[in-house]
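First the structure, in the form of structure tokens, and then the observations on it.
The values are calculated or read from the model by the stated rules, or taken from the named source; none is laboratory data. Quick caveat, the model's predicted, so the values are computed rather than measured. Cβ placement follows ideal geometry from the backbone for every residue including glycine, while neighbour counts extend to all protein chains displayed. Protein only, heavy atoms only, side chains kept; ligands, DNA and RNA dropped before computing areas. Shrake-Rupley method; radii C 1.70, N 1.55, O 1.52, S 1.80 Å.
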Amino acid sequence: MIYRALIRPALFRMDPERSHDLVLTVLDAAGPLWRGVPGPAAWADPRCAATVCGIPFPTPVGLAGGFDKAARALWAWPALGFGFVEVGTVTALPQPGNPRPRLFRLPEDQALINRLGFNSPGAEAVAARLAAARRRQARYPIPLGVNIGRSRTVPNERAVADYLFSLDRVHRHADFLVVNVSSPNTPGVRSLQEPAAIAALLDALARRNRALGEKPLFVKVAPDLDERELEGIAAAIEGRAHGLVATNTTVRRDGLRSRDRDEPGGLSGRPLGALATRTIRALFRLTRGRLPIIGVGGVFTAEDAYEKIKAGATLVEIYTGFVYGGPATPRRIVDGLGRLLRRDGFETLAQAVGAASR
Ligand SMILES: Cc1cc2nc3c(=O)[nH]c(=O)nc-3n(C[C@H](O)[C@H](O)[C@H](O)COP(=O)(O)O)c2cc1C
């Protein structure tokens, strides 16, 4: 209530990227206070808990990649009710990203368009932050994923070494890893989703991952792939990665009303919801439900999250829904999800996964 009536209007009067930066600065500054706030394990309906690749998740609602790219406000996320967090995208080389302005609000569509282009202090710096956070308190209370992407100046022919550099730096600080091959904002990255390219990249990453002490490796895909392309990805991933994140932002622009609808970049939020769910459903079928899918794209409410879970997602993540809905959003979704599971007679979240895709 307070968020929508007071805080959001103030933030939305500011430039979008500056307000994002301010939010992270404030959340980081409040760091010591957060540690007194009980995490979701203390309040969440136990039927919302999930175990994925052997990792216990107190709730299935996480913070999507790109919100806390450099692990600036780590302690805020469990306190705000997130069941897990995905830090990054982290690139091997420090890089500033694209020229500003590069983030736009589309309020009439409850959407965002961004072309940040992987602004990142680099894998070395993010690893140092994660190490420092760990020194302060031995155990981070929720699972922490780190998302890695390709540096802008590195061509795809040298992408493998670039991803390996980041993997080497962040691996020990992560509970799971996400390989981002689906950002529309770094030229060439999306072609790494082609079967031969993704297979070669994952072979190298899987080998290094095993050498470092194997952790779950997820691949984040675009919502703009057709059935044949998804088939290629599903086949290439078998035996090479442990799961999928579906989806990243879309380059499509259907039926938008807001002023900034024609800005180049990736579109997220409400208009992405159905496209992401379609991708989740297709991937669930293609992998015969054997690989966990983190569903992301247009989740604003418990109903949205439930739809993704029934389509085949084991966990969900939010970004744009958090921007529009504010700090109460993760808890609101989890509380509602518990009620929906109970209503439909599911005793565990796992029973609902893929219920609408079988
Ligand atoms: C401003 C912004 C920055 C993002 N940065 C990243 C990123 O660095 N890495 C990534 O994998 N996804 C990134 N994403 C995509 C989100 O993780 C998510 O896949 C997408 O926004 C769809 O979810 P949503 O509709 O809940 O926002 C970004 C999204 C936004 C809006």
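If R0 is 45 Å, the Cβ-Cβ spacing of residue 350 and residue 197 corresponds to a FRET efficiency of close to 0.85. Of the trypsin sites (Lys or Arg not before Pro) found in the stretch 127-183, those in coil by DSSP whose Cβ has at most 15 other Cβ atoms within 10 Å are 139.
Within the chain, what percent of beta bridges assigned by DSSP are antiparallel, to the nearest 5? Looking only at bridges with both residues in the chain, the antiparallel portion is about 30 percent.
Stretching residue 30 away from residue 55 to a fully extended chain increases their span by 6.2 nm, per 0.36 nm per residue minus the current alpha-carbon distance.
Other residues whose C-beta falls under 10 angstrom from the C-beta of residue 182 contribute a net charge of +1, scoring Lys and Arg +1 and Asp and Glu -1. On full extension, the segment bounded by residue 21 and residue 157 gains 45.6 nm, given 0.36 nm per residue less the C-alpha separation. Sites listed here are GluC sites (Glu not before Pro) in the stretch 250-355 whose DSSP assignment is loop and whose Cβ has at most 16 other Cβ atoms within 10 Å: 347.
With a 1.4 Å probe and all protein chains left in place, how much accessible area per residue does the chain have, in Å²? Don't skip to the answer; put the middle values down first.
Numbers: 14610 Å² over 358 residues.
Per residue, the chain has an accessible area of 41 Å².
Label-to-label distance for residue 139 and residue 339 is 3.2 nm, based on points extended 7 Å past Cα in the beta-carbon direction.
What does the charge count near residue 96 come to, summing +1 for each Lys or Arg and -1 for each Asp or Glu among other residues with Cβ under 15 Å from its Cβ? Counting the neighbours of residue 96, the net charge comes to +3. Taking amide H as placed 1.01 Å from N in the peptide plane, the amide H of residue 69 sits under 5 Å from that of 88, each at least 5 places away or on another chain. Rounded to the nearest 20, the size of the Cβ-charge dipole of the chain about its Cα centre is 560 debye, with Lys and Arg at +1 and Asp and Glu at -1. What net charge is computed for the residues neighbouring residue 212, neighbours being all others with C-beta under 12 Å from the C-beta of residue 212, Lys and Arg scored +1, Asp and Glu -1? Charge balance near residue 212 sits at +4. The calculated 222 nm mean residue ellipticity attributable to helices in the chain amounts to -11000 deg cm²/dmol, summing -39500 (n - 2.57) over DSSP H runs of n ≥ 4 and dividing by all residues.
What does the C-alpha gyration tensor say about the overall shape of the chain? Classify as rounded when a/c is under 1.5, otherwise prolate if a/b is larger than b/c, or oblate. Walk me through the numbers on the way to the answer.
Numbers: a/c = 1.15, a/b = 1.07, b/c = 1.07.
Because its axes are fairly even, with a/c under 1.5, the chain counts as rounded.
Work out the FRET efficiency for residue 125 and residue 358 from their Cβ-Cβ distance, taking R0 = 45 Å, and round it to the nearest 0.05. Provide the component values of the computation, followed by the final result.
Numbers: r = 45 Å, r/R0 = 0.99.
For R0 = 45 Å, the calculated efficiency reads 0.50.
Modelled this way, with points 7 Å down the Cα-to-C-beta line, the labels at residue 238 and residue 274 are 3.2 nm from one another. Couplings for the stretch 305-321, taken from phi via the Karplus curve 6.51 cos²θ - 1.76 cosθ + 1.60 with θ = phi - 60°, read 5, 4, 4, 5, 5, 5, 6, x, 7, 8, 9, 10, 10, 10, 10, 5, x Hz in order; Gly and Pro are left as x. Once you reduce the stretch 305-358 and the stretch 219-247 to the center of their Cα atoms, the two points are 22 Å from each other.
Taking 7 Å steps out from each Cα toward its Cβ at residue 252 and residue 6 produces label points 4.1 nm apart. Taking a ≥ b ≥ c as the square roots of the eigenvalues of the Cα gyration tensor, the stretch 45-162 is classed as oblate, since a/c reaches at least 1.5 and a/b does not exceed b/c.
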